[in-house]
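Engineer: One structure is given below, represented as structure tokens, and several questions about it will come after.
The values are calculated or read from the model by the stated rules, or taken from the named source; none is laboratory data. Note that the structure is a prediction, hence the values are computed from the model and not measured. Note that we place each Cβ from the backbone using ideal geometry, even for glycine, and neighbour counts take in every protein chain shown.
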Amino acid sequence: MKSMNGGDWVGSLGVAILLVAFLLMLLNKVSKEGMVYLSMNVLGSGLAAIASWMIHYTPFLILELAWMVSSLYGIWMHFRIKRS
């Protein structure tokens with residue numbers, strides 16, 4: 001059995017954060033438009049993107065960057081609507 005390297009640890013942490021955020025949203029503990037959910041998505045997808053870059057896996061890197069940009073857009077909209 002292969003031991004985990006740095007990319008594995010970073011990626012596992014990122015995916016764990018994404019899954020916890022998703023579970024909290026499904027259980028109605030956080031709102032999908034709320035800062036907690038969106039911030040967890042930015043952090044989790046950012047870590048998963050870093051891990052993908054570390055292990056040179058471009059398809060997952062693109063996916064995670066798209067997820068992170070979408071979540072950042074959600075944060076931007078959150079503050080834009082809040083100011084209105």
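Engineer: So which pairs qualify, if the first residue must be in the range 34-58 and at pLDDT 95 or above, the second must be not in a helix (DSSP H, G or I), the Cβ gap must be under 6 Å, and the two must be at least 6 apart or on different chains?
Structural biologist: Val36/Val30; Tyr37/Val30
Engineer: Of the residues Leu26, Leu18, only one is under 10 Å from the mean Cα position of the chain (by Cα) and of a type in the set (A, V, I, L, M, F, W, C); which? Step through it out loud before you land on a result.
Structural biologist: Working: Leu26 fails: under 10 Å from the mean Cα position of the chain (by Cα).
Matching residue, one of Leu26, Leu18: Leu18.
Engineer: Mind telling me which of the residues Val30, Val10 ends up being of a type outside the set (Phe, Trp, Tyr) and under 18 Å from Ser70 (Cα atoms)?
Structural biologist: Values: Val10 fails: under 18 Å from Ser70 (Cα atoms).
Sole residue among the options that is of a type outside the set (Phe, Trp, Tyr) and under 18 Å from Ser70 (Cα atoms): Val30.
Engineer: Every residue in the range 17-47 that is in contact with a Phe, Trp or Tyr (Cβ under 7 Å, 6 or more places away or on another chain) and closer than 20 Å to Gly6 by Cα, please.
Structural biologist: Answer for the range 17-47, where residues must be in contact with a Phe, Trp or Tyr (Cβ under 7 Å, 6 or more places away or on another chain) and closer than 20 Å to Gly6 by Cα: just Ser45.
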